[in-house]
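The values are calculated or read from the model by the stated rules, or taken from the named source; none is laboratory data. All values reported here derive from a predicted model rather than from experimental measurement. Here the Cβ positions follow ideal geometry from the backbone for every residue, glycine too, while neighbour counts run over all protein chains shown. Accessible surface areas use protein heavy atoms only, side chains included; no ligands, DNA or RNA. Shrake-Rupley method; radii C 1.70, N 1.55, O 1.52, S 1.80 Å.
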Amino acid sequence: MRAIWTGEIAFGLVTIPAKLYTATRDLTPQFNMLHKECGTRINMVRRCPKCQRDVEWGELGKGYEVEKGVYALFSKEELAKIDGDDAAGAIEIVEFVDPLDIDLAYIDKSYWVGPGGKSSRGFSLLRETLEKVKRVALAKTKIRTRTRLAILRPRGKVFALEMMRYADEMVSDDDIDMPESAKKATPRELELALDLVKKLSGPFDPSKHPDEYRAAVEAAVEEKVAADDLARQESLGEEKEEAPEAGGAKVIDLAELLSRSLGKVGPHKAGPKKAVTREEEVEEPKAKKAKKKAG
C-alpha cells in the first residue's frame, strides 16, 4: 500500500516517524451524464455568464462571498498565508482522552498510520502505552491545506487516525421538535423490548451487511453488457500522481526524551515538522559535508 505522506507523530519531545495511508474508499456506484442522442459523455465547462465565453483554469481566482453578489478576492499567495506554514506530514498530539467521552458524531474520515522509519520502537511504545491506559490521543494534523483535529487510537499493529469535525461545525439538536410523551412505557412493553434487543444482539461484523444497492447496480450493468445495450466512445486515461517515499529515522533515546517531556512546565510546544523525502535526507548530509570541507 502506498503512503499518502511520510512524516512524524509529535509525542512530547519524542518525534516518531510515521506514514499515513488511506483507510476507506467510496464504492458508491457512479453514473455519468451522457447525451441521449449519441451516447457521448457530457463535458462540464467553466463558463463566465457575463463574458459569454468558456474560461481556462489560468483565468480562475477564488473569492469569499461576504454578501449576495459581493466577494472578497484572494490571491494564491494570500490563501497560502492563511493555510499556515505547517507542512502536511505531522501529527501533533495535544492531549490524551477517554474514548468513551468522544461523541461519534464528531468523527468524519479515517486513515491508517503505520511506522515510517527503519525502527518502530517509538511507534510501538506509544501504541502499547495507549492500550495499557485505555486512552486515545487528541491530535492536530494537516491534510492537504487545512489543519484538523483528529483522534489517534491503537488498532491492532497500527493506529487509526479519525479526522474530526470542530465543535462549531456540529448542528445543535435543541431545535428538533419532540412530541410530548403521553405516558411512559409499561413494564410489559419494556420487557418485550429488552427481549427483542437480546435476540438481535451479536458481535459486530460489518461483512454481514453488504451494500445491496451496489449489488443491484452491478447486476443491472451485467445485464446491459450481456445484451450489448452499450454506448461506445473513446475515453482518455488520467495519470495519478504518486506520493513520495521517505527514508529511515535517526536512533533516539526514548527514555531520555520522555523524561524531559515529563519535566516540561506549561503547554506542549512541539510543533509539526515538514515531511522529509528520501532525496532530501540524502542531500542534506552531502550539503553539510561540502560546507565543512569548504570551511
- prompt: In whole Å, how far is the Cα centre of the range 188-232 from that of the range 61-128?
  reply: 34
task: Determine the order of Trp57, Trp112, Trp5 by accessible area, beginning with the largest, at a probe radius of 1.4 Å.
output: Trp57, Trp112, Trp5
query: What nm distance separates the two modelled labels at His35 and Asp54, each placed 7 Å from Cα along Cα→Cβ?
result: 1.2
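Once a ≥ b ≥ c are taken as the square roots of the eigenvalues of the Cα gyration tensor of the range 131-180, is the result rounded (a/c under 1.5), prolate (a/b larger than b/c) or oblate (a/b not larger than b/c)? Could you put the intermediate results ahead of the total?
Values: a/c = 3.57, a/b = 1.66, b/c = 2.16.
Judged from the Cα gyration tensor, the range 131-180 comes out oblate (a/c at least 1.5, b/c at or above a/b).
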query: Sorting Val97, Val197 by accessible area (1.4 Å probe), largest first, what list results?
result: Val197, Val97
field: Backbone N under 20 Å from the Ile107 label point (7 Å along Cα→Cβ), restricted to the range 1-34
entry: 20-28
field: 3J(HN,Hα) from dihedral phi, the range 162-175, Karplus parametrisation 6.51/-1.76/1.60, rounded to Hz, x for glycine, proline
entry: 9, 5, 10, 7, 6, 4, 7, 8, 8, 7, 5, 9, 5, 8
task: Along Cα→Cβ, 7 Å out, is where each label goes; now give me the distance between the ones at Arg144 and Met44 in nm to one decimal.
output: 1.3
statement: Taking His209, His35 and ranking on accessible area (1.4 Å, protein atoms only), highest first, one gets His209, His35
statement: Given backbone amide H placed at 1.01 Å from N, residues whose amide H is under 5 Å from that of Ile4, ignoring those fewer than 5 places away on the same chain, are Leu20, Tyr21, Thr22
field: Residues whose placed amide H lies under 5 Å from that of Phe96, excluding near-sequence neighbours
entry: Leu138
- line: Of all GluC sites (Glu not before Pro) in the range 177-225, the ones in DSSP coil with at most 15 other Cβ atoms within 10 Å are Glu180
- request: Return the distance in nm (one decimal) between the two label points of a simple spin-label model at Asp26 and Ala167, each offset 7 Å from Cα along Cα→Cβ.
  value: 3.0
field: Tyr166 accessible area, assembled protein chains, probe 1.4 Å, Å²
entry: 70
task: Could you give me the percent of Cα pairs per 10 Å distance bin for the range 97-137, shortest bin first, beginning at zero and ending with the bin that holds the maximum distance?
output: 24, 43, 29, 5
message: Can you work out the Karplus-derived ³J(HN,Hα) for every residue in the range 103-112? Use 6.51 cos²θ - 1.76 cosθ + 1.60 with θ = phi - 60°, whole Hz, and x for glycine or proline.
response: 6, 4, 5, 7, 6, 10, 9, 10, 9, 9
- prompt: Under 5 Å between amide H atoms, partner at least 5 residues away or on a different chain: which partners does Gly89 have, H built in plane at 1.01 Å?
  reply: Lys142
query: Can you pull the accessible area of Asp229 for me, 1.4 Å probe, Å² to the nearest 10?
result: 90
message: With a 1.4 Å probe and all protein chains kept in place, how much accessible area does Met178 have, in Å² rounded to the nearest 10?
response: 150
